[in-house]
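The values are calculated or read from the model by the stated rules, or taken from the named source; none is laboratory data. All values derive from a computational prediction rather than experimental measurement. All Cβ positions, glycine included, derive from the backbone under ideal geometry; neighbour counts span all protein chains shown. Just so you know, the surface numbers come from the protein's heavy atoms only, side chains and all, with ligands and any DNA or RNA stripped out. Shrake-Rupley method; radii C 1.70, N 1.55, O 1.52, S 1.80 Å.
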Amino acid sequence: MGVTHTPLTSQSSEPHRWVIARGLGRSYGDAAQCSGGVVVDTSAYSSIGLIDPVTGLVEVGGGTSLAAIMRVSLASGWFIPVSPGTRHVTVGGAIAADVHGKNHHRDGSFCSFVASLTLVTPAGIFTISPDEDAELFWATAGGMGLTGVVVKATLRLIRVETSWMETDTERCDDLDAVMSAMEEADHNYRYSVAWVDCSSRGKHLGRSVLTRGDHAPIGALGLANATSFIDIPAESRVRVPFTLPLSAVGPHTVQAFNALWFRKSPKRKCGAIVPLTSFFYPLDGINEWNLLYGRRGFVQYQFVVGPQHADVVRAAVGMMGPAGIPSSLAVLKRFGPGDPGPLSFPIEGWTLALDFPAGLPGLPPLLDRLDELVVGVGGRIYLAKDARLRPELLRAMYPRIGELEAVRDRVDPDHVLQSDLSRRLGIGQKVPS
Amino acid sequence: MNNAFNHPQTVVVLGGTSEIAGALIDRLIANRCRTVVLAGRDTDGLVHATRRAEARGADIVRSVVFDALENDKAEETIAACFDAADAPVDLVVVAVGFLGNAGADLDDAERIAESITVNFTWPAVALGVVARHLRAQGSGRIVVLSSVAGIRIRAANFIYGSAKAGLDGFALGLAESLRGSGVQLQVVRPGFVRTKMTAGLRPAPFAVDPDSVATAVMRGIERNQPVIWVPSLLRWVFLGLRHLPQEVWRRLPG
Ligand SMILES: Cc1cc2nc3c(=O)[nH]c(=O)nc-3n(C[C@H](O)[C@H](O)[C@H](O)COP(=O)(O)OP(=O)(O)OC[C@H]3O[C@@H](n4cnc5c(N)ncnc54)[C@H](O)[C@@H]3O)c2cc1C
């Protein structure tokens, strides 16, 4: 790709020179930050190879964005196998967080579609796959950049006939209703996700809108769309013009917004044809939507608990209203079995993603209580979205973290690879007893 | 590292035996802080403060002994604190200070020099060294305990007040010079605080206790307030007091 790689080594003899890779910076916390160290800009590794017309395999640079890949791949009927809620993430970031999409219950996470990758580490350059140095490969899957810089990866794309989605939407009156609807019929859909209103109380607690679907086959498109089976997504033009001095997202605005949105959704609507971008990446429609949260920004929280622990999801949703804490976007999903990555987030069960304006009083202790609930049933939180976990809980949530640390000792004996996240949580460092 | 709520995990407190420092350390430990390095002069006080921090749940508490009259050792003291922390230092609190008695001290040149050294010179020298360490680290926060006594100087404590005025100005200037470095500096301006240092003095209006100072500082840290007044109302009170004619100022209580 015209770029020569050299092993990562300490740039100077100074004692503290840490290195971490950064993609598009879409992780919410401090995973791609490295105070006092070197942050590797991966945007130079943005190549896209030819797509194998039979297998859908394509070699791409670690800094290539999913948006760029799909602009190229859709034209020949291929699509990204796992899409997070934004397409503006890099392949390296998607591997490092082993990202999941609305199809996890069926297809697993991003790294299940990575055939091989090239990793630059302090100990040298490795090309690895699930068959070749599986240990290093899986430690890299979800490893938050702590095993090296992914400069190249071969992905397995999926076939699509159109750039449209065929979706079924239903409105559920409470949390139990949506959870049983998902348990009963998620297996009939490739994609499934529910949007839960956490600001409602009483009998409306957890009312939800469940959207499920699959890529629309050509036959499903009406005549109106018949000339544009494949519509290459353009970049959004809507943007939030400036940072608001105060958050536009407060208890009342959230409640009003959620109520409005809930009523606007149909009780039940089957077979709606929608563009792929609005199905997968609703927030990408507004550039810099995060500015809506005002100067102090916001905090994301996402956890997963086993399938038998629906009660933890119920408790989490129930905690918001009484604490006066609005969560504008609560997204509920079911995960299928996880992959072998020791730090990969998804495990089989329920996952709930919440976001909050950061300045809310009472938020830090509330999230600490949520952690306790989650860890109490063997669940965990998503590190790509974390910026506040108590370090003591990390090892209970990710009991296999020692495997990642052992691999890291092999490829990075001097612990050059560190991020603010790894230092905050003590990954690869001694833990005080 | 600091978390999303600006709660630090590793803290160095210069003047770690003071009551305000103690109350603040309690709060910090309740909010994630795991490693505390206490620097102070009084070894008994350090032992006591160490026990207190351990009892509140800190994992690692270390102490460093120093004397704020020894400017030439500040460099060494700060280096010892950073070594003792053995991790990136997220927060350095500068709570060194000594009130003294302006009336009695005035006749004693040495006492004047001591007060200025403890309240201004040593903290300023130390701040310079701390800033250098944190800059190299690329992150961190400094909280400097100033006082409203330095905002409008009064006869009752003008030696202390003038030293605090110097420190306040130094700290604000340093805060500016740290912009863009990843290091933040915040100044705390408490009013009259009821502590052993002020025991026996008649509390001025708007007097607070060390706990309220700690609460306000915690909030100020969470919100990145450049200047934290305690109570917050003093910001507006002093906006007026600063411009009062001296004849009126002299007659005010407190
Ligand atoms: C609106 C929105 C919606 C989202 N929805 C989802 C979702 O549905 N599912 C989901 O799983 N996640 C979701 N995320 C999180 C996001 O997918 C992950 O944080 C992802 O890692 C971001 O990729 P990035 O390229 O921006 O990486 P960055 O944020 O820059 O970095 C993230 C991590 O990846 C590492 N990294 C980056 N590039 C490389 C590389 N080349 N080699 C090695 N390590 C590297 C970094 O060191 C860091 O640890 C969402 C984020 C946003 C903003």
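Can you pick out the pairs among A:K264/A:K385; A:K264/A:K333; A:K203/A:K385; A:K267/A:K385 whose Cα atoms lie more than 25 Å from each other? Long pairs (Cα-Cα over 25 Å): A:K264/A:K385; A:K203/A:K385; A:K267/A:K385. Surface analysis of the protein assembly as shown yields an accessible area of 41 Å² per residue, using protein heavy atoms and a 1.4 Å probe.
Could you tell me the total accessible area buried at the B-A interface, probe 1.4 Å, in square angstrom to the nearest hundred?
Details: alone 11820 and 18200 Å², together 28470 Å².
What B and A bury together is about 1600 Å².
For chain B, the longest principal axis of the alpha carbon atoms and the long axis of helix B:158-177 meet at an angle near 50°. Dipole orientation for segment B:10-251: of the candidates B:A80, B:A199, B:F98, B:A199 has the Cα lying most toward the positive pole (charges on Cβ; Lys, Arg +1; Asp, Glu -1). Check cross-link reach from B:K73 to the aspartates and glutamates: straight Cα distance under 17 Å, and skip same-chain residues fewer than eight apart. Those aspartates and glutamates meeting the cut-off are B:D42, B:D83, B:E114.
In this structure the amide hydrogen of A:A115, modeled in the peptide plane, comes within under 5 Å of the amide hydrogens of A:T154, A:L155, A:R156, none closer than 5 places in sequence on its chain. For A:F298, the residues whose modelled amide H falls within less than 5 Å of its own, excluding neighbours fewer than 5 places apart on the same chain, are A:A358. Shape class of segment B:157-218 from the alpha-carbon gyration tensor: oblate, with a/c at 1.5 or above and b/c at least as large as a/b. Neighbouring Cβ atoms from other chains, within 10 Å of the Cβ of residues in B:1-14, number 5 on average.
Looking at the protein assembly as shown, what % of its DSSP beta bridges pair antiparallel, to the nearest 5? Write out the running numbers ahead of the final one.
Numbers: 58 of 95 bridges.
Around 60 percent antiparallel, to the nearest 5.
Placing unit charges on the Cβ atoms only, positive for Lys and Arg and negative for Asp and Glu, gives chain B a dipole magnitude near 1060 debye about its Cα centre.
If I compute solvent accessible area with a 1.4 Å probe over the protein chains, what percent of it on segment B:129-254 is carbon and sulfur? Provide the component values of the computation, followed by the final result.
On the way: 3440 of 5920 Å².
Exposed carbon and sulfur together represent 58 percent of the surface.
Taking every alpha carbon pair in the protein assembly as shown, what does the distance histogram look like in 20 angstrom bins from 0, in percent? Going out from 0 Å in 20 Å bins, the protein assembly as shown shows 17, 45, 29, 10, 1 percent.
What does the charge dipole of the protein assembly as shown about its Cα centre add up to, to the nearest 20 debye, if the Cβ of each Lys and Arg holds +1 and the Cβ of each Asp and Glu holds -1? Can you show the working numbers first?
On the way: 67 positive and 67 negative charges, 452 e Å.
Dipole magnitude for the protein assembly as shown comes out near 2180 debye.
Bridgeable lysines around B:K196 (alpha carbons under 21 Å apart, same-chain partners fewer than 8 residues away excluded): B:K164. Within segment B:1-100, the GluC sites (Glu not before Pro) that combine a DSSP coil assignment with at most 16 other C-beta atoms in a 10 angstrom radius are B:E70. Report the Stokes-Einstein translational diffusion coefficient (µm² s⁻¹, integer) for chain B, Rh taken as the Kirkwood radius over Cα pairs, at 37 °C with viscosity 0.692 mPa s. It diffuses with D of about 180 µm²/s by this estimate.
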